[in-house]
Amino acid sequence: MKDSALVVVDMLYDFIDGTMACQGAEGAIEGTLKAIEKLTSGTDADETGVHSTYPILFVRDHHPEKHCSFAEQGGPWPPHCVQGTHGADVHESLLPYVKEDLTFFKGEDPAKEQYSGFEGVNPAGQSLCEVLRLLDVQNVLVCGIATEFCVRNTAEDLAKNGFEVYVLQDALAWVDAAGHVEALKAMDEEGIHLI
Ligand code: VGL
Ligand code: ZN
């Protein structure tokens, strides 16, 4: 697919085997690695061995210690992805594909829940949306955790803003199985492609 990019959402230890371990996380990692292999084969690798023609963007939940999302502050979740902790790190199997300028942090404002990666910002202060436009991306493949929250919100924001969105069904993990199915159905009805 030309003019395409992959957005990997919240494949972070707290969602894999930490405080918010999600169902299907191991499968999601495997599915993501398979997708990356497939999407990058047949293109020119850069000096790190990673194929550079197909941008891979990472979204990272990145909360301050007392975030409104946490139960102690009245939110729905246990503490997770606290800045500077192991739980906030990208799974090691994906690290070869991580580039700093293509990593977008969200949930940093202590008073604001932010499920969508769409307005996540990289260390240079650019938003995900801004960088996708700079890269001339039209088709966005999305995978990651959790289907019902950050994946869905990110996919919907991308679709609303004119991108063609493809969710990789074999590279997802979820909080709740019924919620996962419901979110897939909703996205399908909204014109997001499930592949
Ligand atoms: C997420 C709940 C709280 C997610 C993040 O990545 O789906 N869910 N923070
Ligand atoms: Zn969070």
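Bear in mind these aren't lab numbers, they're just calculated from the coordinates by the rules spelled out. What you see is a predicted model, and the numbers here were worked out from it, not measured in a lab. Ideal geometry is used to build each Cβ from the backbone, glycine not excepted, and the neighbour counts take in all protein chains shown.
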For this session: Identify all residues within segment 122-144 that are among the β-branched types (Val, Ile, Thr), away from ligand 1 (no atom under 16 Å from the Cβ) and within 19 Å of MET11 (Cβ to Cβ); write none if there are none.
Result: VAL131, VAL140
Seminar exercise, completed: Pairs returned, first residue in segment 127-141 that is over 15 Å from THR154 (Cβ atoms), second residue that is of a type in the set (Phe, Trp, Tyr), beta-carbon separation under 9 angstrom, 6 or more apart or interchain, are GLN138/PHE163
Seminar exercise, completed: Of the residues in segment 114-126, those that are buried (at least 16 other Cβ atoms within 10 Å of the Cβ) and either in contact with a strand residue (DSSP E or B) (Cβ under 6 Å, 6 or more places away or on another chain) or in contact (Cβ under 8 Å) with a residue 40 or more places away in the chain (or both) number 7
Exercise. Any residue in segment 174-191 that is within 16 Å of ligand 2 (Cβ to nearest atom), closer than 16 Å to ALA28 by Cβ and surrounded by 22 or more Cβ atoms within 10 Å (Cβ to Cβ)?
Worked result: yes
For this session: Quickly run through segment 1-26 and pick out the residues that are within 16 Å of ligand 1 (Cβ to nearest atom) and touching a strand residue (DSSP E or B) at 6+ places or on another chain (Cβ under 7 Å).
Result: VAL7, VAL8, VAL9, ASP10, MET11, LEU12, PHE15, MET20, CYS22, GLN23, GLY24, ALA25
